[in-house]
Amino acid sequence: MTDLRTTLGEAVATAFVEAGVEGARALVSPSDRPDLADFQSNGALAAAKAMKANPRELATKVAERLAGDARFQSVEVAGPGFINLRLSDTALAERAQAVADDVERAGAEPVGEPRKVVIDYAGPNVAKPMHVGHLRSSIIGESLKRLFRFRGDIVWGDAHFGDWGFQMGLLIVAVGDEGRADAFMAEGEGPFPAQSPVSLDDLERLYPQAAAKAKEDPAYRDRARKATAELQAGRPGYRALWSHFVAVSRTALEREFGALGVTFDLWNGESDADPVMAQMLAELAAKGLLVEDDGARVVHVARPGETRKRKLPDGSTVEAPSPPPLLVVSSEGSAMYGTTDLATILDRKQAIGPDLILYVVDERQAEHFEQVFRAAYLAGYAPAGSLEHLGFGTMNGPDGKPFKTRAGGVLKLHDLISMTVAKARERLREAHLGEGVPAEEFEAIAHTVAVAALKFADLSNSRTTSYVFDLDRFTGFEGKTGPYLLYQAVRIKSLLRKAEGQGAAPGAIRIAEPAERDLALTLDAFAGAVADAYDRRSPHLIAEHVYRLAQSFSKFYAACPVLAAEDEAVRGSRLALAATVLRQLETALELLGIDTPARM
Ligand code: ARG
């Protein structure tokens with residue numbers, strides 16, 4: 001089953017051939033002038049240009065061939081040579097019926113050949129509270145995971161837990177200095193206590209203190225570096241203490257992600273690449289890629305002549321390779337952020353053999369990924385073009401800078417969620433929604449509304465743009481918001497319940513009214529939105545579609561009586577349309593990671 005854009009494209013392409021033009025592109029798209037046409041083809045313009053022919057004449061020839069096709073109500077040539085296509089009511093009804101019958105996919109086709117895709121998103125860290133960058137990554141990554149899976153790919157969502165870098169050494173030193181982990185600080189083989197000596201609160205309190213101290217105190221920093229290197233080298237007490245840090249953090253993180261409806265297939269950490277580290281270093285060395293640099297070992301990733309001016313600490317500038325070399329082994333012998341990323345690619349190659357790895361990470365890490373990807377290609381760890389960094393802009397405060405709390409600190413995800421739920425409760429009460437439902441269900445509804453508000457606000461912006469956090473706007477039941485969409489979905493659910501109560505059943509879809517035509521065209525457009533969102537890794541195209549669908553339904557509902565329709569066939573058709581809209585709405589929202597309540 002194919003969408004109209006595609007089927008009409010094929011029809012126009014055939015008409016070009018019949019008109020004697022080979023290889024012309026049909027270029028069918030939704031019409032710019034819905035008052036005149038449903039679709040238009042601009043193909044004659046390009047083809048005529050290539051042939052040095054008159055575009056209007058060519059368009060007229062093609063239009064004459066198409067005019068005999070019963071699917072069209074009219075085919076007209078406009079302007080310099082656009083072909084305007086208006087579909088017959090029957091053709092629209094047929095397509096709407098096909099979408100209605102496609103219960104699982106609401107009209108969107110799967111890809112021809114499934115690929116193995118790893119999506120690396122969220123990237124939370126041990127002990128460091130998650131901030132809004134992690135929130136965006138989680139929301140966008142979760143949506144992409146669902147979208148790729150919906151298209152038929154085999155997808156692994158991986159949290160890529162930050163559990164291996166310098167912050168681990170910092171924590172070991174900080175916890176050790178507090179004197180409550182003596183058993184772990186000893187040099188022997190253990191055994192070590194099975195009980196964690198620290199809670200999440202301890203970790204969250206100690207980490208910022210230790211990080212600040214390391215900035216000022218070089219001796220402290222050196223101890224943390226040494227501890228990092230010893231941990232990575234396998235010192236048993238440090239490993240045992242570290243696994244407590246990891247477990248304590250992960251339990252808390254899973255709770256937070258759970259509240260957001262974000263899940264992972266793999267909870268691999270940076271540390272999980274450790275077992276392939278030795279292999280990787282040997283291979284890089286054997287390939288001549290690993291180069292000594294001032295006590296450290298690096299991989300040069302810039303091609304000859306790729307340089308950029310860089311400022312030195314003394315203020316002077318030099319022409320330096322760009323991107324800079326990837327630091328693989330520090331002078332203390334530690335693995336760095338880039339090292340674990342490179343080793344993770346090797347690990348994924350051996351464990352999964354992905355055709356594609358998508359990294360959903362803040363745009364500010366673009367250079368890091370450029371370095372890592374180039375090194376991976378040089379090492380032969382990934383097929384050319386199979387590594388993609390999907391950067392995104394920041395969520396900003398009213399001052400246009402990355403969002404902070406009123407006290408000026410980074411906002412913790414947990415607090416953001418509670419704040420949004422509180423707002424959602426308030427909004428529901430204002431709108432007299434959820435009245436009369438049991439308290440527990442009301443709470444669940446408020447939570448669903450809050451998550452929809454946050455996720456839709458994020459995903460309705462194109463990935464790369466930054467946006468301003470505006471809780472009042474995000475949680476409104478009017479406008480382009482998550483809660484508005486939930487409200488529309490719930491309205492249809494209640495209509496369908498009422499119909500069932502009255503014994504009114506959905507029937508065959510017929511299209512007659514302008515609002516029904518618009519609704520049928522909108523239902524058809526879901527397939528294209530899904531395909532484009534997938535190709536461009538852009539969930540906002542799905543968000544656009546859901547909003548358009550909700551609006552189209554609203555107009556239909558205002559213009560076309562459903563239960564009050566006199567004619568039973570018309571009533572049945574409209575009920576079928578409503579049920580189809582609901583299914584597509586829920587399918588699309590699910591792709592955004594948004595659930596809908598049964599009522600509110
Ligand atoms: N933990 C990192 C951070 O907080 C993000 C990890 C992103 N993923 C990756 N493969 N590097 O900045």
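Where a number appears in this text, it was derived from the coordinates with a stated rule and is not lab data. The model shown is predicted, which means the values in this text are computed figures rather than measured ones. All Cβ positions, glycine included, derive from the backbone under ideal geometry; neighbour counts span all protein chains shown.
Computed values, structure above
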| quantity | calculated |
| --- | --- |
| Helix 366-379 axis, angle to the chain major axis (alpha carbon atoms, nearest 10°) | 80 degrees |
| Protection-proxy order for peptides 297-309, 370-382, 255-267, each taking the mean of Cβ atoms within 10 Å per residue, highest first | 370-382, 255-267, 297-309 |
| Euclidean distance between Cα centres, segment 576-595 to segment 86-157, Å | 13 Å |
| Within the chain, percent of DSSP bridges classed antiparallel, to nearest 5 | 60 percent |
| Cα centroid separation - segment 2-76 against segment 389-458, whole Å | 47 Å |
| Which listed pairs, of K116/K226; K404/K480; K145/K412, have C-alpha distances above 27 Å, in listed order | K116/K226 |
| Trypsin sites (Lys or Arg not before Pro) within segment 16-61, DSSP loop, no more than 15 other Cβ atoms inside 10 Å | R25, K52 |
| Length added when fully stretched, R364-A285, from 0.36 nm per residue minus Cα-Cα | 25.5 nm |
| Length added when fully stretched, D265-S243, from 0.36 nm per residue minus Cα-Cα | 5.9 nm |
| Separation in nanometres of the label points that stand 7 Å from Cα toward Cβ, at E22 and E332 | 6.9 nm |
| Loop-resident sites, segment 511-573, for GluC sites (Glu not before Pro), counting at most 15 other Cβ within 10 Å (DSSP) | E566 |
| The chain, helix-only ellipticity at 222 nm - DSSP H runs n ≥ 4, -39,500 (n - 2.57), divided by all residues, nearest 500 | -17500 deg cm²/dmol |
| Under 15 Å, Cβ to Cβ, from E441 - net charge with Lys/Arg +1 and Asp/Glu -1 | 0 |
| Protection-proxy order for peptides 498-504, 547-553, each taking the mean of Cβ atoms within 10 Å per residue, highest first | 547-553, 498-504 |
| Dipole magnitude (debye, nearest 20) for segment 221-317, charges at Cβ of Lys, Arg, Asp, Glu | 380 debye |
| Aspartates and glutamates whose Cα lies under 14 Å from that of K555, excluding same-chain neighbours fewer than 8 positions away | E513, E516, D518 |
| For segment 303-369 and segment 508-536, distance of Cα centres in Å | 44 Å |
| Helix axis angle, 337-351 relative to the chain longest principal axis, alpha carbon, degrees | 60 degrees |
| A78-E94 pseudo-label distance in nm [points 7 Å out on the Cα-to-Cβ vector] | 2.4 nm |
| For the chain, size of Cβ-based charge dipole, Lys and Arg +1, Asp and Glu -1, in debye | 920 debye |
| Pair S466, T307: separation of 7 Å Cα→Cβ label points (nm) | 3.2 nm |
| Estimated FRET transfer efficiency (D293, E426; beta-carbon r; R0 51 Å; 0.05) | 0.35 |
| Rel. contact order, % - alpha carbon contacts under 8 angstrom, at least six apart, the chain | 15 percent |
| The chain: angle of helix 55-67 to the longest principal axis, Cα-based, in degrees nearest 10 | 70 degrees |
| Stretchable slack from E178 to K116, in nm (0.36 nm times residue separation minus alpha-carbon distance) | 17.7 nm |
| All lysines inside 25 Å of K61 as judged from Cα atoms, apart from same-chain residues fewer than 8 positions distant | K49, K52 |
